[in-house]
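Data first, discussion second: the structure below is written as structure tokens.
Values quoted throughout were computed directly from the atomic coordinates according to the rules given, and no laboratory measurement underlies them. Since the model is a prediction, treat every value here as computed from it, not as a measurement. So basically every Cβ, Gly included, is an ideal-geometry build from the backbone, and we count neighbours across all protein chains shown.
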Ligand code: PCA
């Protein structure tokens, strides 16, 4: 993709949920808002942690910004690395109620749509470049079945249907902050911001993803 000086980058993060007073995904997005990265200006938008409503806010931002690159961020309470997600699946299956009390079980995100979409971000190049900067990162093969996967799937469905060449998108889970979850080392906010800046730079500048394994046996 050749980004030009007027490119816009949509970077979303989520509001807090499940008794967490802070959602690192929004803190990272907010911190990067207004920065120019590889010729694109970052626009940070907060999504509600509510099934359906999150997609509405995403749609409004897509329509208003017509971004060249869209990266949605969400917080993964069990992770200590930055994890670009490989695949979005067409299912809502909530372990806990969302912030509006909704708890769908085994419902499609989009009715009569494909089972899954792959991210179109260069996820392996992003991981390698973040690691080279000293930021812990790895490819994830599941974004779960809660509001993050819901938004990821809706985003990929829209980008797929739009078929806009050069419009790229995907999802990255951010880790816990140090001390946020007992037993998780976590990653401090400055390091998360530094890693995400590098992930965005990679998505703006690397066309073809690396072919190196990030496979898992299970
Ligand atoms: N994480 C949740 C939803 C919002 C967020 O930041 C998830 O992983 O689904």
Name the shape class, rounded, prolate or oblate, that the alpha-carbon gyration tensor gives for the range 69-128, where a ≥ b ≥ c are the square roots of its eigenvalues, rounded holds for a/c under 1.5, and otherwise prolate holds if a/b is larger than b/c and oblate otherwise.
-> oblate
Say R0 is 30 Å: what FRET efficiency, to the nearest 0.05, do residue 20 and residue 218 get from their beta-carbon distance?
-> 0.60
Given Cα pairs under 8 Å that are at least 6 residues apart, what percent is the relative contact order of the chain?
-> 27
Can you pull the one-decimal nm distance between simple spin-label points at residue 112 and residue 133, each 7 Å off the Cα toward Cβ?
-> 4.4
Mean-square fluctuation maximum in Gaussian network of the chain, Cα pairs under 10 Å, restricted to 62, 177, 133, hits 133
When all alpha-carbon pairs of the range 1-156 are counted, what percent fall beyond 20 Å?
-> 51
What is the packing order of peptides 36-43, 152-159, 178-185, taking the mean over residues of other C-beta atoms within 10 Å and listing the highest first?
-> 152-159, 36-43, 178-185
Bins of 10 Å, starting at 0 and running to the largest distance - Cα pair percent for the range 82-218 | 12, 36, 37, 15, 1
Among 14, 51, 118: highest mean-square fluctuation, GNM of the chain, C-alpha pairs under 10 Å = 118
Looking only at 206, 50, 109, which one moves most when the chain is put into a Gaussian network model with springs between Cα atoms under 10 Å?
-> 206
Using alpha-carbon positions, the gyration tensor of the range 155-205 gives root eigenvalues a ≥ b ≥ c; with a/c under 1.5 called rounded, otherwise prolate if a/b exceeds b/c, else oblate, the class is oblate
Return the whole-Å distance between the Cα centroid of the range 6-83 and the Cα centroid of the range 99-167.
-> 12
Once a ≥ b ≥ c are taken as the square roots of the eigenvalues of the Cα gyration tensor of the range 118-176, is the result rounded (a/c under 1.5), prolate (a/b larger than b/c) or oblate (a/b not larger than b/c)?
-> oblate
